[in-house]
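Engineer: There's a structure below that I have some questions on.
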Amino acid sequence: MKLILLSTPEFFVEEDTIINALFEEGLDLFHLRKPNSEPVYSERLLTLLPEQWHSRIVVHEHFYLKEEFSLRGIHLNERNPEPPKGFKGQLSRSCHSIAELQSNRGQMDYVFLSPVFDSISYRDRKSGYTAEELHTATRAGIIDRKVMAAGGINSETLPLLRDYGFGGAVILGDLWTRFNIHSGLDYKEVIAHFRKLRKAAG
């Protein structure tokens with residue numbers, strides 16, 4: 001299964017160093033999501049990341065960055081529901097129900113479905129689906145390799161996703177809670193935990 005890392009909402013000093021290290025450890029995709037941020041800060045972060053990784057980065061805001069930095073693609077969500085006019089390139093989208101997933105998956109290169117499990121980052125976001133609902137969606141061909149599970153992803157829940165038929169998983173809280181973005185300097189625990197996640201993903 002693919003592992004996709006979603007950025008923290010805030011920028012922080014060691015961010016580029018950690019992202020670069022995670023790519024070197026085998027991270028498949030990095031989604032740059034910084035809601036309500038000025039584009040200059042995203043530009044700075046992308047400038048600090050080696051160009052070899054740009055083709056594995058997707059942006060959630062400031063879609064012009066896709067062309068400017070030759071990025072992988074853009075991601076649509078409730079804040080930014082439509083691609084720029086005439087956009088050509090990889091598209092992905094966040095979905096929050098099986099019905100929304102069914103109506104959007106055919107138009108996208110891949111989609112996020114959330115929250116599959118209880119969220120780690122947002123305590124009020126509980127799992128939106130029963131195991132039977134997920135299995136039914138898999139049997140119907142709605143969940144397949146183009147669908148990435150988000151919400152509550154950790155080393156214990158990752159193996160379950162293979163059984164449901166997901167193509168990958170979106171990591172957020174389980175990884176970033178292991179580093180204090182305001183004062184941390186040592187990110188060894190982040191790298192060690194990512195290796196654990198890679199192993200669980202198979």
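The values are calculated or read from the model by the stated rules, or taken from the named source; none is laboratory data. The structure displayed is predicted, hence computed values, not measured ones. Don't worry about glycine lacking a Cβ; one is built from the backbone with ideal geometry, like all the others, and counts go over all protein chains shown. Ligands, DNA and RNA are stripped out before the accessible areas are found, and what is left, the full protein with its side chains, is counted by its heavy atoms. Shrake-Rupley method; radii C 1.70, N 1.55, O 1.52, S 1.80 Å.
Engineer: List every residue pair whose Cβ atoms lie under 6 Å apart, where the two residues are 6 or more positions apart in sequence or sit on different chains, the first residue falls within the range 170-184 and is within 15 Å of L22 (Cβ to Cβ), and the second residue, located anywhere, is charged (D, E, K, R).
Structural biologist: These pairs meet every condition: R178/E189.
Engineer: Assuming R139 fulfils every condition listed in (1) under 19 Å from the mean Cα position of the chain (by Cα); (2) farther than 28 Å from H193 by Cα; (3) of a type outside the set (F, W, Y) apart from one, which condition is it?
Structural biologist: Of the numbered conditions (1) under 19 Å from the mean Cα position of the chain (by Cα); (2) farther than 28 Å from H193 by Cα; (3) of a type outside the set (F, W, Y), the odd one out for R139 is (1).
Engineer: Please name all residue pairs, on different chains or six or more residues apart, with Cβ atoms under 6 Å, provided the first residue is in the range 120-136 and is closer than 17 Å to N154 by Cα and the second residue is assigned to a loop (DSSP other than H, G, I, E, B) and of a type in the set (D, E).
Structural biologist: Within 6 Å, the pairs are K126/D118; S127/D118.
Engineer: Still on this structure, please answer the following. Output the helices (runs of 4 or more DSSP H) that fall wholly within the range 1-80 and possess 3 or more residues being closer than 20 Å to F194 by Cα, or say none.
Structural biologist: Because the criterion is at least 3 residues that are closer than 20 Å to F194 by Cα, the helices (runs of 4 or more DSSP H) in the range 1-80 that meet it are 15-24.
Engineer: Provide a single number: the residues in the range 81-96 that are in contact (Cβ under 8 Å) with a residue 24 or more places away in the chain, in a loop (DSSP other than H, G, I, E, B) and either polar (S, T, N, Q) or crowded, with 16+ Cβ neighbours inside 10 Å (or both).
Structural biologist: 1
Engineer: Quick check on the range 10-27. Is at least one of its residues among the charged types (D, E, K, R), in contact (Cβ under 8 Å) with a residue 40 or more places away in the chain and open to solvent by 50 Å² or more (accessible area, probe 1.4 Å)?
Structural biologist: yes
Engineer: Let me confirm something: among G26, G73, G89, which residue is closer than 27 Å to G165 by Cβ, small (G, A, S) and in contact with a Pro (Cβ under 9 Å, 6 or more places away or on another chain)?
Structural biologist: When all the criteria are applied, what remains is G89.
Engineer: Do the conditions hold for Y110, that is, is it open to solvent by less than 40 Å² (accessible area, probe 1.4 Å), in contact with a Gly (Cβ under 8 Å, 6 or more places away or on another chain) and hydroxyl-bearing (S, T, Y)?
Structural biologist: yes
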